[in-house]
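Working notes, beginning with the structure itself.
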Amino acid sequence: MQDFFNKIDKRRTFAIISHPDAGKTTLTEKLLLYGGAIHLAGSVKSRKSNKHAVSDWMEIEKQRGISVTSSVLQFDYDGYRVNILDTPGHQDFSEDTYRTLMAADSAVMLIDAAKGVEPQTKKLFWVCHKRKLPIFTFVNKLDRYGKTPIELMDELEQVLGIHAYPMNWPIGLDGHYLGVYDRINKQIELFENDNTHGSKILKSTTGSLEDPAIIAALGEDNYTNLCNDIELLDMAGDKFDMTKVNSGELTPMFFGSAMTNFGVRGFLEKFLELSPKPQARTLKNGDILAPENTEFSAFIFKIQANMNPAHRDRISFMRICSGIFDKGMSVYHVQSKKVIKLSQPQQFLAQERTIVEKAYPGDIIGVFDPGIFSIGDTICDENMKIQFEDFPVFPPEIFARVQPKDSMKRKQFEKGITQLAQEGAIQVFKEKGMGMESFVIGVVGVLQLEVLEYRLLNEYGAKLLMNQLGYTVARWIYTEDKKLIENIKGLDSGMLVYDEENRPVVLVNNEWSLNWILERNPGIKFVLVPAEATVI
Ligand code: G4P
């Protein structure tokens, strides 16, 4: 039993959130390097010629050199079992990115020191903030000129409304920092200039503020500036308060450079020490389930079809919330009310997939799925029969009408669309009077439309005719009087569609149009949560 508790205490499951190009791939790779999971950075993402990250699975990802789907990487460090949830890094991110955050216990917010808080970081931050997820900030690219540490702290507060506590402080001049001062341990770490371009662990010397050798190495100006900065931070800055970190009100802030490895080890060690172990989860009935509960439970947060083009496979990823997963165990699938055996459970260790024998709360495993799972499903011990709370639905912002180019391929088209909707890759809407030969597709990022086109062709043999619609806002309708929906007025610049559960949805160009419609249709309300909408 003690062993089970220890395993939980030592697990860290988190996502890195950032804007494209901030250095997420590089940082992930460096964490693997320090964790000993790889021995030479650059082997994962060999520069220029072959720019693929470990998590690049799909052909389209390779072609574009981007990560379309979220994946999971696992490694051990100093007794910790680390699970990094990878989030798609392209600007056209998808619901997948958001959903991955549901499986995390904390987030690392990566910021480019020169660019500060960028749009995608902002979006992802808000999803984390809403869940009250602890957020740790890593300011990257300190080897280049950027904004000053104080400016960046202010920016976090102004743009995101979160206070920052610098855990370390860069020493030296912008673009030429020599090392960092660790504010908790009151230690200076000076990095050596090496010529490995960050492919190997960076050597450093550590000492106290009083250490004469360190003072000499810093030089008088740097030393005086550092002492002044520390005094200012201690006097005027926020106090370090773990309760505030845990409720997402205060972010521990680290400065470093993923490329040169500057500050990476210090960040990793402090992050592992301070970040939360697997957290309790809320059930649909409002109860809280602790990870220490010995009965097994998990939820599906991602489904990926055809990961291996050689044979059609569909893998469902689940996050374990309580109990122990044993290879070959039978579990209860709540949504289908069936006892099932999970076949070939896999874990994703650095660059390989391995069959998992046992897994614990916080771990992510992928299982081959014959098509029974949907995003958000609960899997648990037969005696439990619990259900985790529903995933939030992220309203789509981009819409397109799609139909098969060749009407002979209608069956494949329909099958592909249905399967991708089940995976959660797209949201599907129907127009009244249209059969199964045409759908309106809703997505969060435009790249999802490209993925849809590509996958329908490559996996189902159906070429698409796609016509992007100009709408950006979707609202589900609630009304006591269903007749109002058929006769809805003021839809001149919008359209009415129905989701898979036959709930009416209005698509319009902007929020202003929503008011226009509301004013003309007393008796209807718009809702953001589909479950609250009227079913026709
Ligand atoms: P992403 O996954 O967040 O999109 O970013 P990625 O790691 O791919 O990094 C984007 C670019 O930023 C890469 O340069 C990468 O080398 C660079 N980079 C990452 N960390 C640092 C850092 O600490 N300092 C500096 N100066 N650059 C950094 P690139 O030119 O686009 O690619 P490459 O030719 O280096 O592969």
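The values are calculated or read from the model by the stated rules, or taken from the named source; none is laboratory data. Just so it is clear, the model here is predicted, and its values are computed rather than measured. Heads up, the Cβs are rebuilt from the backbone with ideal geometry, glycines too, and the neighbour counts pull from every protein chain shown. When the accessible area is computed, the model is the full protein with side chains, heavy atoms only, and any ligands, DNA or RNA have been set aside. Shrake-Rupley method; radii C 1.70, N 1.55, O 1.52, S 1.80 Å.
Residue check, HIS163 against (1) modelled with pLDDT under 95; (2) open to solvent by 20 Å² or more (accessible area, probe 1.4 Å); (3) touching a Leu at 6+ places or on another chain (Cβ under 9 Å), all met but one. Which one?
(1)
Tell me, which helices (runs of 4 or more DSSP H) lie completely within region 194-302 with 3 or more residues that are loosely packed, with under 13 Cβ neighbours inside 10 Å and of a type outside the set (Ser, Thr, Tyr)?
Fully inside region 194-302 and qualifying: 212-218, 220-236.
Considering ASP154, ASP143, ASP112, which residue is within 16 Å of the ligand (Cβ to nearest atom) and open to solvent by 20 Å² or more (accessible area, probe 1.4 Å)?
Unique residue meeting the criteria: ASP143.
Being free of Cβ contacts under 8 Å to residues at least 60 places away in the same chain and open to solvent by less than 10 Å² (accessible area, probe 1.4 Å) is the filter here, so list the residues in region 480-512 that pass it.
The answer is ILE485, PRO504, VAL506, VAL508.
Kindly provide the set of residues from region 174-183 that are of a type outside the set (Val, Ile, Thr) and in contact (Cβ under 8 Å) with a residue 24 or more places away in the chain, ordered by number.
If the condition is that a residue be of a type outside the set (Val, Ile, Thr) and in contact (Cβ under 8 Å) with a residue 24 or more places away in the chain, then ASP174, GLY175, TYR177, LEU178, GLY179, TYR181, ASP182, ARG183 are the ones that fit.
Select from region 219-270 the residues that are small (Gly, Ala, Ser) and either touching a Pro at 6+ places or on another chain (Cβ under 9 Å) or more than 16 Å from the ligand (Cβ to nearest atom) (or both) and list them in ascending order.
GLY219, ALA236, GLY237, SER247, GLY248, GLY256, GLY263
In region 348-375, what residues are closer than 22 Å to ASN293 by Cα and either part of a loop (DSSP other than H, G, I, E, B) or at pLDDT below 70 (or both)?
Answer for region 348-375, where residues must be closer than 22 Å to ASN293 by Cα and either part of a loop (DSSP other than H, G, I, E, B) or at pLDDT below 70 (or both): VAL356, GLU357, TYR360, PRO361, GLY362, ASP363.
Quick check, is ILE379 farther than 30 Å from LEU528 by Cα, under 24 Å from the mean Cα position of the chain (by Cα) and part of a strand (DSSP E or B)?
no
Only one of these is over 22 Å from ILE375 (Cα atoms) and in a helix (DSSP H, G or I): LEU449, LEU484, LEU491. Name it.
Sole residue among the options that is over 22 Å from ILE375 (Cα atoms) and in a helix (DSSP H, G or I): LEU484.
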